[in-house]
Structures are given as C-alpha cells and as structure tokens.
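All of the numbers you see were taken from the coordinates with simple rules; none came from a lab. Being a predicted model, the structure only gives us computed values, none of them experimental. All Cβ positions, even for glycine, are placed from backbone atoms using ideal geometry, and neighbour counts span all protein chains on display.
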Amino acid sequence: MTQIYNFSAGPAVLPKEVLKQAGEEMLDWHGSGMSVMEMSHRGKEYMSIQAEAEADLRELLNIPANYKVLFLQGGASMQFTAIPMNLLRGKKKADYLNTGEWSKKAISEAKRYCDVNVVASSEDKNFSYAPTQDQWKLDPDAAYVHYTSNETIGGVEIFWTPETGNVPLVADMSSHILSRPMDVSKYGLIYAGAQKNIGPAGLTIIIVRDDLIGDLLPGTPTMFDYKLQADNDSMYNTPATYAIYIAGLVFKLLKARGGLAEMEKVNLRKANLLYDYLDSTDFYRCPTAKENRSRMNIPFTLANQALDDAFLKQASALGLMQLKGHRSVGGMRASIYNAMPEEGVKTLVEFMKEFEQSNS
Ligand SMILES: *Cc1c(COP(=O)(O)O)cnc(C)c1O
C-alpha cells in the first residue's frame, strides 16, 4: 500500500488501527454475521455499540451526569440553527465572538432568530488572532455566549475558557474536540462535527447541560429539538449508525493511548515541530498570533508565492497530501489532528527544509 500523509482539514485522516479493525469487522461484526451498516438501530447489537460509544466519550471528556450527549446528523452547520432555536428560551438576544469564517457563519444564521451582539471581532487583522476576554463586551441579558474555540480555516485556537457568569457558554469545537482535556462543566453546550477529529462525516456530537433544553422557539422543527432527541437516546429516527460505530472505535483507541492528557502531549510535540521550524526561517511565514496558534490546523505561506504550485506538486509526489490552504488565507494549511502520526509531521518538516534549500 502507498504510504501517504493526509493533511486535509476535513473529512480528515483517521487512525490506521481503527480503519483496519473496521475492515476486519466489515462483513461480520462480533459473530453477528452482519456488517454494522446492515443492523437495525433498534437491535441489541447496535444499541450496545452506541451505548458503549457514549460511555467511552463520557469517560474521555469526564462529562458530568447532568449533561446529555446527542449523536445527530446535519453537520455542525445545522447546529448554527438548532442552537438559537433551543437556547434562546424566551430571550431575544445572544452574544457571539467573531474569530473567523465559522464564527461568521454561526452569526449570520443566528441573526435569523434573534439580535446578535458581536462581543468582539478579529476581522481587523484578517482573523489571525482571538480577542482576549477583557476586550469582550458581554450582554448580561444574552440567552447564551457562542464562540468558535478553534477556527479551522485561520488556525486560531483559544486555550482559555471564557467566563460568562450565569449566561451559558456555547462552543463550536468541531476541529479540536478530544485534542486535549477540557472542563465540560464550564459549558452550557459543546458541539462538533465528527469529520475533523472524531470519525466519518455524517455525525455531529452535542454535549448539553440538561436544564437548558426543552424550551423551544415556536415553530422549531421536531428534529431540531434537543430534549426530544435526548429523551429518545438520539434514536427518534435512524441515527448515523456506521459513523457512530467508527467514532466509538476512535474513542476506545484514545482511551488505550492514555486519554486526552496523553493526546495533548503528543499534539503539542507535533505542533511545536512545525511552528518552531516556521519561526526559524523567512522562507515560510505563519500568520497566526503566537498565543492563538492552533495545535490542529496550521496555516503558513511561502514568502515567494510564485513557488506555491511547485511546493504542492513536490509535496504530493512525496505523499504529503491536501496541503493547499483555504482561499481566504492563501498559501498552505497542514491539519494535524489526533490521527496524524508524529512521523507525518516530521516528514513534512523535512520536505519543507529541503524545498527551502533548493529554492533559496
Ligand atoms: C468544518 C466546520 C464546521 C462545519 O461543519 P459541517 O459538519 O460541514 O457542517 C463548523 N465549524 C467548524 C469550526 C468547522 O471546522
């Protein structure tokens, strides 16, 4: 098999061990004679798969008992709509931090349902940093405060937890959930599309404090009702069964590797390897403010943009794939999620050094 390293922002690399196990279990899951894809979601085999996935996720993130875990469909983008519908709870205003493309999408969707107060924005510097809490203008009457804790496109990560008093804190953690330990009890709601750092596309995970659900905006579609989904164990209709199964295998692997504290150490080593090199040369440049440098998504540019195409071509010839940056930032972006091996980052940095030498 060809050895490649996939730096895609999402859908993204999955752990080889997980894909191998899924392959082995493809035709016959645990002697059932069936693929997980073929199972009734109401059968005891599949129910056990989903229950175990939830239990393992609760253990990994240390999720308190008064939080519901939902396995839904529709992507993180559908949550941009579902969040105001569920969390406004009779209020007319919500606070949003604007740190990039995903924040902007969440804001523009929320504006359809309420008055959005943008507490702070980093648009002035092309979303290359995150405003610190002392710059936020919070509204004490807001129904909730929403922020994007890792902006996948700009590579801007917020390492501190905002303080919002009694106003529930809501975070889009799509691209860095499970990359390090975090305190779920500080949040009202956390959501993440699976296809970045969890598993296959088609699954979205929502972790929500149970006292916040059940008071819906009038007209909310049934499928968007968190309370109904929670009361039905995310099986009001057919869940994304196969995606949940793969996510469950990923959770087991993370536990076996020592959990999120261990993942954080590895992720730090991987990110530092690349950032340290980027800072050591003028040939490449990283636009992100040092205090907000994402450990998952690392954008960088070449000082001489005329070399971009050659860089990408030579990288992919070596099996270093999907390094082209997002059009709003330009240049390159290396997404190095949990499943990216350290060897992949080392190989990338070696290639970048060689490319620098032969082009300067
Ligand atoms: C990818 C991404 C989304 C959108 O996810 P979909 O599942 O495609 O809707 C939202 N927020 C962040 C931070 C993302 O990285």
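Say whether the condition of being closer than 24 Å to Gln21 by Cα and either buried (at least 22 other Cβ atoms within 10 Å of the Cβ) or out of contact with any Asp or Glu (no Cβ under 7 Å at 6 or more places or on another chain) (or both) is met by at least one residue in the stretch 310-320.
So the first thing to find is which residues in the stretch 310-320 are closer than 24 Å to Gln21 by Cα, and the list is 319.
Filter again for either buried (at least 22 other Cβ atoms within 10 Å of the Cβ) or out of contact with any Asp or Glu (no Cβ under 7 Å at 6 or more places or on another chain) (or both), leaving 319.
Within the stretch 310-320, one or more residues are closer than 24 Å to Gln21 by Cα and either buried (at least 22 other Cβ atoms within 10 Å of the Cβ) or out of contact with any Asp or Glu (no Cβ under 7 Å at 6 or more places or on another chain) (or both).
Looking at Met47, Met39, Met34, can you tell me which residue is in contact (Cβ under 8 Å) with a residue 24 or more places away in the chain, over 25 Å from the mean Cα position of the chain (by Cα) and either within 16 Å of the ligand (Cβ to nearest atom) or surrounded by 14 or more Cβ atoms within 10 Å (Cβ to Cβ) (or both)?
On the way: Met47 fails: in contact (Cβ under 8 Å) with a residue 24 or more places away in the chain; Met34 fails: in contact (Cβ under 8 Å) with a residue 24 or more places away in the chain.
Exactly one of Met47, Met39, Met34 is in contact (Cβ under 8 Å) with a residue 24 or more places away in the chain, over 25 Å from the mean Cα position of the chain (by Cα) and either within 16 Å of the ligand (Cβ to nearest atom) or surrounded by 14 or more Cβ atoms within 10 Å (Cβ to Cβ) (or both), namely Met39.
It is to be established whether one or more residues within the stretch 13-26 are surrounded by fewer than 20 Cβ atoms within 10 Å (Cβ to Cβ) and part of a strand (DSSP E or B).
no
With the requirement that a residue be touching a helix residue (DSSP H, G or I) at 6+ places or on another chain (Cβ under 8 Å) and not hydrophobic (A, V, I, L, M, F, W, C), what does the stretch 322-340 give you?
Result: Lys324, His326, Ser328, Gly330, Gly331, Asn338.
Checking Asn237 against (1) buried (at least 17 other Cβ atoms within 10 Å of the Cβ); (2) in a loop (DSSP other than H, G, I, E, B), only one condition comes out false. Which one?
Among (1) buried (at least 17 other Cβ atoms within 10 Å of the Cβ); (2) in a loop (DSSP other than H, G, I, E, B), Asn237 violates only (1).
Out of the stretch 1-22, which residues are more than 16 Å from the ligand (Cβ to nearest atom), among the hydrophobic types (A, V, I, L, M, F, W, C) and in contact (Cβ under 8 Å) with a residue 60 or more places away in the chain?
Across the stretch 1-22, the qualifying residues are Ile4, Val18, Ala22.
Yes/no per residue for (1) without any contact (Cβ under 8 Å) to a residue 60 or more places away in the chain; (2) in a loop (DSSP other than H, G, I, E, B); (3) more than 10 Å from the ligand (Cβ to nearest atom):
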{"site": "Phe159", "(1), (2), (3)": "no, yes, yes"}
{"site": "Glu163", "(1), (2), (3)": "yes, yes, yes"}
{"site": "Val167", "(1), (2), (3)": "no, yes, yes"}
{"site": "Ala171", "(1), (2), (3)": "yes, no, no"}
{"site": "Leu178", "(1), (2), (3)": "no, yes, yes"}
{"site": "Met182", "(1), (2), (3)": "no, yes, yes"}
{"site": "Ala192", "(1), (2), (3)": "no, no, no"}
{"site": "Lys196", "(1), (2), (3)": "no, yes, no"}
{"site": "Gly199", "(1), (2), (3)": "no, yes, yes"}
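Filtering the stretch 201-232 down to residues that are hydrophobic (A, V, I, L, M, F, W, C), touching a Pro at 6+ places or on another chain (Cβ under 8 Å) and away from the ligand (no atom under 13 Å from the Cβ), which residue is nearest to Tyr245 (Cα to Cα)?
Of everything passing the filter in the stretch 201-232, Leu212 is nearest to Tyr245 (Cα to Cα).
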